[in-house]
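Trainee: I am attaching a structure below and will ask some questions about it afterwards.
The values are calculated or read from the model by the stated rules, or taken from the named source; none is laboratory data. Not measured: the values here are computed from a predicted model. Every residue, glycine as well, gets a Cβ built from its backbone with ideal geometry; the counts of neighbours run over all protein chains shown. Surface areas here come from the heavy atoms of the whole protein model, side chains and all, with no ligands, DNA or RNA. Shrake-Rupley method; radii C 1.70, N 1.55, O 1.52, S 1.80 Å.
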Amino acid sequence: MQTTTTEPTIAHETTLSTTPKKLTLIPLIFLIYFEVAGGPYGEEPAVQAAGPFFALLGFFIFPFIWSIPEALITAELTTAIPGNGGFVLWADRAFGPFWGSLMGTWKFLSGVINIASFPVLCIEYLTKIFPVFDSGWPRYVALLGSSLALSFLNYTGLTIVGYAAVVLAVVSLLPFILMSLIAIPKIHPHRWVSMGQKGVKKDWNLFFNTLFWNLNFWDNVSTLAGEVNKPKKTFPLALLIAVIFTCVSYLIPLFAVTGSVSVDQSLWETGFHAQAAEIIAGKWLKIWIEIGAVLSAIGLFEAQMSSSAYQILGMAEVGMLPKVFGIRSKWFNTPWLGILVSMLIAIAVSYMNFTDIISSANFLYSLGMLLEFAAFIWLRWKSPTMKRPYQIPMKLPLLVIMCLIPSGFLVFIMVIATKTVFLVSGVMTVAGIACFFFIKLCKKKRWAKFYNSQPLNEEDESLTE
């Protein structure tokens with residue numbers, strides 16, 4: 001197969017008798033939803049940190065300054081460079097293979113560390129029903145078993161994962177819809193403008209981190225672009241619907257609970273929605289929301305595992321990783337080695353006390369997003385003729401402003417990081433740089449086989465045609 005164009009053309013090691021099914025609009029919407037949110041689980045600390053008014057205001061305004069810009073950039077660059085690897089390809093195209101590889105390191109490590117938290121969350125909720133999983137070998141076995149089972153589901157195919165995401169979203173969101181409807185007669189609108197309890201100091205660090213982690217990761221789905229049916233048309237529409245759907249799924253339960261339940265502000269910890277459901281409707285709804293939390297964690301695991309695995313596949317397809325990482329399963333056409341590597345790292349991290357490691361993942365993600373914004377602006381400036389099936393309807397100065405606002409927030413998140421986070425993030429970054437030069441050495445010495453592809457930063461516009 002020829003490799004004279006800049007678009008990676010891969011001859012897979014497996015031969016498939018039929019053309020594999022690709023993701024269509026509906027499954028893609030719900031995969032994006034689980035990449036970002038997975039439901040209102042985890043929004044409660046915003047109320048604890050700053051009171052109902054600022055929590056509602058934050059979940060209304062923050063999408064405009066963070067989620068929508070990130071989603072718009074994802075839509076433009078994914079349709080312009082529609083290959084597996086997503087943001088890795090964007091950084092490579094803008095600044096060359098070193099920065100593409102470093103982007104891959106930052107985003108992959110932040111992704112798999114996040115994946116590790118979801119089996120832990122599942123077990124935490126199951127412990128409330130089955131206390132045996134609280135500690136000891138039953139907990140360790142449960143963590144291992146859940147990680148293996150969820151990874152196998154991912155191995156069975158992206159289409160299956162996509163439709164599973166639809167089912168998981170419906171079942172996990174339904175109790176919130178019921179709770180919001182039942183709460184209507186009990187709502188007192190004046191509670192929505194409460195600035196919080198008197199004497200309670202506002203925790204802006206917790207507030208902004210809660211907003212950040214509930215409304216980011218819109219670009220993760222870009223690593224699946226090569227698996228989407230008609231990506232140039234499907235991606236912009238899917239992202240638009242997902243943004244609206246995600247914001248509504250956060251705001252409606254928050255309006256319902258803050259308006260109908262009056263409790264001490266300190267009780268608004270992660271998981272308080274289940275307690276509120278019991279106050280509003282009874283224990284049956286509390287149990288349903290707790291079950292929904294487990295299902296949501298499963299959806300989050302599957303969506304982010306898919307992104308990490310296909311990122312590895314995409315990096316192999318453009319020669320950033322050895323050819324073996326681009327091999328797909330003979331039965332399911334999935335990147336089995338990418339799934340395996342992601343799963344093993346996630347399992348290892350899930351057994352750690354990883355508060356600082358997760359904070360480091362946040363730091364690495366912030367670095368990756370700053371590089372992503374820079375790549376977007378650079379490509380608009382240096383490659384104005386590049387074919388863009390979807391293009392944000394703004395001139396360059398406005399685009400710079402659009403990127404500067406969330407970039408300022410990212411810098412703030414990084415500045416408040418602890419020394420440990422700086423150290424761990426620095427070690428991970430150095431490891432990524434070392435990996436890039438080791439891969440170059442492997443190519444030079446022919447220690448491993450690589451797919452051939454021309455550098456994506458060349459000014460050949462055929463990549464997007």
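Trainee: Quick check on segment 70-120: of everything there that is open to solvent by less than 20 Å² (accessible area, probe 1.4 Å) and of a type in the set (S, T, Y), which residue is nearest to K230 (Cα to Cα)?
Mentor: Result: T79.
Trainee: Return the total of residues in segment 37-49 being part of a helix (DSSP H, G or I) and crowded, with 24+ Cβ neighbours inside 10 Å.
Mentor: Counting residues in segment 37-49 that are part of a helix (DSSP H, G or I) and crowded, with 24+ Cβ neighbours inside 10 Å gives 3.
Trainee: To continue, here is another question. Filtering segment 367-410 down to residues that are of a type in the set (V, I, T), in contact with a helix residue (DSSP H, G or I) (Cβ under 8 Å, 6 or more places away or on another chain) and more than 12 Å from E76 (Cα to Cα), which residue is surrounded by the most Cβ atoms within 10 Å (Cβ to Cβ)?
Mentor: V400
Trainee: With the checklist (1) outside any helix (DSSP H, G or I); (2) open to solvent by less than 10 Å² (accessible area, probe 1.4 Å); (3) not aromatic (F, W, Y) in hand, flag the one item S67 doesn't pass.
Mentor: Of (1) outside any helix (DSSP H, G or I); (2) open to solvent by less than 10 Å² (accessible area, probe 1.4 Å); (3) not aromatic (F, W, Y), only one is false for S67: (1).
Trainee: Moving on. Might you check whether a residue that is part of a loop (DSSP other than H, G, I, E, B), over 30 Å from L240 (Cβ atoms) and touching a residue at least 24 places away in the same chain (Cβ under 8 Å) occurs anywhere in segment 76-99?
Mentor: Yes, some residue in segment 76-99 is part of a loop (DSSP other than H, G, I, E, B), over 30 Å from L240 (Cβ atoms) and touching a residue at least 24 places away in the same chain (Cβ under 8 Å).
Trainee: I'd like to know if segment 241-262 contains one or more residues that are among the polar types (S, T, N, Q), open to solvent by 40 Å² or more (accessible area, probe 1.4 Å) and under 30 Å from W284 (Cα atoms).
Mentor: Yes.
Trainee: Among the residues of segment 356-372, is any under 18 Å from N114 (Cα atoms), in contact (Cβ under 8 Å) with a residue 12 or more places away in the chain and β-branched (V, I, T)?
Mentor: Yes: segment 356-372 contains one or more residues that are under 18 Å from N114 (Cα atoms), in contact (Cβ under 8 Å) with a residue 12 or more places away in the chain and β-branched (V, I, T).
Trainee: Still on this model: Out of segment 218-240, which residues are within 16 Å of G38 (Cβ to Cβ) and open to solvent by 10 Å² or more (accessible area, probe 1.4 Å)?
Mentor: Matches in segment 218-240: N220 only.
Trainee: Just to verify a result, which residue in segment 229-269, among those that are under 17 Å from the mean Cα position of the chain (by Cα) and among the aliphatic types (A, V, I, L, M), is nearest to I26 (Cα to Cα)?
Mentor: Only one residue fits best here, namely A238.
Trainee: Output the number of residues of segment 401-420 satisfying the condition of being of a type in the set (S, T, N, Q) and touching an Asp or Glu at 6+ places or on another chain (Cβ under 8 Å).
Mentor: Adding up the residues that qualify gives 2.
Trainee: Here is a list: V228, V221, V243, V257. Which entry is over 20 Å from L77 (Cα atoms) and among the aliphatic types (A, V, I, L, M)?
Mentor: V257
Trainee: Taking K198 as the residue in question, decide whether it is outside any helix (DSSP H, G or I) and open to solvent by 40 Å² or more (accessible area, probe 1.4 Å).
Mentor: Judged against the criteria, K198 is a match.
Condition check ((1) more than 23 Å from F217 (Cα to Cα); (2) touching a residue at least 40 places away in the same chain (Cβ under 8 Å); (3) surrounded by 20 or more Cβ atoms within 10 Å (Cβ to Cβ); (4) not hydrophobic (A, V, I, L, M, F, W, C)) across all residues:
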{"position": "A276", "(1), (2), (3), (4)": "yes, yes, yes, no"}
{"position": "G282", "(1), (2), (3), (4)": "yes, no, no, yes"}
{"position": "M305", "(1), (2), (3), (4)": "no, yes, yes, no"}
{"position": "L313", "(1), (2), (3), (4)": "no, yes, yes, no"}
{"position": "T334", "(1), (2), (3), (4)": "no, yes, yes, yes"}
{"position": "S342", "(1), (2), (3), (4)": "no, yes, yes, yes"}
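Trainee: Examine segment 121-138 for a residue that is charged (D, E, K, R) and open to solvent by less than 10 Å² (accessible area, probe 1.4 Å), and state whether such a residue exists.
Mentor: The answer is no; no qualifying residue exists.
Trainee: For T270, all conditions in the list (1) at pLDDT below 90; (2) part of a helix (DSSP H, G or I) hold save one; what is the number of the exception?
Mentor: It fails just one condition, (2).
Trainee: I'd like to know if segment 289-301 contains one or more residues that are surrounded by 24 or more Cβ atoms within 10 Å (Cβ to Cβ), under 15 Å from the mean Cα position of the chain (by Cα), over 23 Å from A49 (Cβ atoms) and not hydrophobic (A, V, I, L, M, F, W, C).
Mentor: Within segment 289-301, one or more residues are surrounded by 24 or more Cβ atoms within 10 Å (Cβ to Cβ), under 15 Å from the mean Cα position of the chain (by Cα), over 23 Å from A49 (Cβ atoms) and not hydrophobic (A, V, I, L, M, F, W, C).
Trainee: Please state which one of I73, I32 is within 30 Å of I439 (Cα to Cα) and modelled with pLDDT of 95 or more.
Mentor: I73
Trainee: Out of segment 148-176, which residues are of a type in the set (A, V, I, L, M), surrounded by 14 or more Cβ atoms within 10 Å (Cβ to Cβ) and touching a residue at least 60 places away in the same chain (Cβ under 8 Å)?
Mentor: L150, L153, L158, V161, A164, A165, V166, L168, A169, V171, L173
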